[in-house]
Amino acid sequence: MDINYRKTRFLKVAATLAQCPDSGLPEIVLSGKSNVGKSSLVNAIADNRKLARVSSNPGKTREVIYFETDGKLLIADLPGYGYAKASKEVKEKFSKLCDDYFRSGRKISLVLHLVDIRHEPSKGDVAMLEFLNDSGLPYFLVFTKCDKLSKMQVKKRIGEMAKVLDFREDAYVFAVSSEKKDGIGELCNAITEFIF
Ligand SMILES: Nc1nc2c(ncn2[C@@H]2O[C@H](COP(=O)(O)OP(=O)(O)OP(=O)(O)O)[C@@H](O)[C@H]2O)c(=O)[nH]1
Ligand SMILES: [Mg+2]
């Protein structure tokens with residue numbers, strides 16, 4: 001099947017699980033630490049900088065934002081976790097929404113778990129990988145902001161990450177830059193191939 005990722009449009013915002021749409025379309029969920037580049041990745045996939053709200057202030061995405069691609073896919077942009085400056089109450093609300101989301105029994109076709117190539121994985125990242133491995137949910141591990149390092153450094157970092165993050169040797173691993181659009185085409189092709 002062919003999917004035109006440029007035909008990605010905003011669908012709706014959900015602040016609670018009850019508001020999450022039940023479209024019957026295969027769903028891709030973007031997860032990862034606040035500020036890792038989830039919303040930027042949606043924009044890069046869609047080739048539309050104005051679609052998802054991006055901010056250098058972490059904690060921008062506070063609800064689940066849904067996008068629909070070419071009438072064939074649903075993309076869920078989850079709120080990021082681990083934003084240190086958020087109040088305890090706000091933090092608990094975010095992480096509860098993330099937690100509940102994955103435990104709700106919603107049919108999730110693929111998780112894109114994002115990790116910043118430059119930073120040490122956080123406790124949240126390690127826990128998320130453990131959860132993904134245990135749950136049997138299919139996932140791609142996507143290293144973001146690769147434009148900030150050389151190709152050699154990116155390769156080296158991925159090797160180092162493998163010592164901290166428990167990903168299998170045969171796991172799907174991608175290195176992308178939403179800024180420069182590096183690796184985005186490959187990621188989209190892999191998503192299409194994986195889902196259809
Ligand atoms: N250099 C570079 N910067 C990036 C890239 N992707 C995202 N950024 C920057 O990282 C910051 C955070 O990006 P967002 O896409 O808003 O991150 P997010 O994961 O959606 O953050 P929350 O909504 O807070 O969870 C912004 O300043 C982006 O411009 C990239 O590929 N390269
Ligand atoms: Mg965001």
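Values computed for the structure shown
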| item | result |
| --- | --- |
| Breaking point among (1) among the acidic types (Asp, Glu); (2) without any contact (Cβ under 8 Å) to a residue 12 or more places away in the chain; (3) not in a helix (DSSP H, G or I), for residue 99 | (3) |
| Within the stretch 2-53, considering residues that are part of a strand (DSSP E or B) and among the polar types (S, T, N, Q), the one farthest from ligand 2 (Cβ to nearest atom) | 8 |
| Complete set of residues in the stretch 54-77 that are within 8 Å of ligand 1 (Cβ to nearest atom), assigned to a loop (DSSP other than H, G, I, E, B) and either small (Gly, Ala, Ser) or under 18 Å from residue 174 (Cβ atoms) (or both) | 55, 56, 59 |
| Residue match in the stretch 159-166 (condition: in contact with a strand residue (DSSP E or B) (Cβ under 8 Å, 6 or more places away or on another chain) and farther than 23 Å from residue 66 by Cα) | yes |
| Members of the stretch 54-76 that are among the hydroxyl-bearing types (Ser, Thr, Tyr), more than 9 Å from ligand 2 (Cβ to nearest atom) and surrounded by 18 or more Cβ atoms within 10 Å (Cβ to Cβ) | 66, 69 |
| Selection count where residues are of a type outside the set (Val, Ile, Thr), at pLDDT below 95 and assigned to a helix (DSSP H, G or I), scope the stretch 129-166 | 12 |
| Pairs with Cβ under 6 Å, 6+ apart, first in the stretch 44-71 and without any contact (Cβ under 8 Å) to a residue 12 or more places away in the chain, second near ligand 1 (Cβ under 9 Å from one of its atoms) and of a type outside the set (Gly, Ala, Ser) | 49/43 |
| Only listed residue being within 16 Å of ligand 2 (Cβ to nearest atom), at pLDDT 85 or above and closer than 18 Å to residue 29 by Cα, chosen from 173, 115, 126 | 115 |
| Members of the stretch 28-43 found to be among the aliphatic types (A, V, I, L, M), touching a residue at least 60 places away in the same chain (Cβ under 8 Å) and either in contact with a Pro (Cβ under 9 Å, 6 or more places away or on another chain) or within 11 Å of ligand 1 (Cβ to nearest atom) (or both), listed by number | 30, 36, 41 |
| Hits in the stretch 175-196 (condition: buried (at least 19 other Cβ atoms within 10 Å of the Cβ) and either over 16 Å from the mean Cα position of the chain (by Cα) or part of a strand (DSSP E or B) (or both)) | 175, 177 |
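The values are calculated or read from the model by the stated rules, or taken from the named source; none is laboratory data. In this text the structure is predicted, and so the values were computed from the model without any measurement. In this analysis, Cβ positions are derived from the backbone assuming ideal geometry, glycine residues included, and neighbour counts consider all displayed protein chains.
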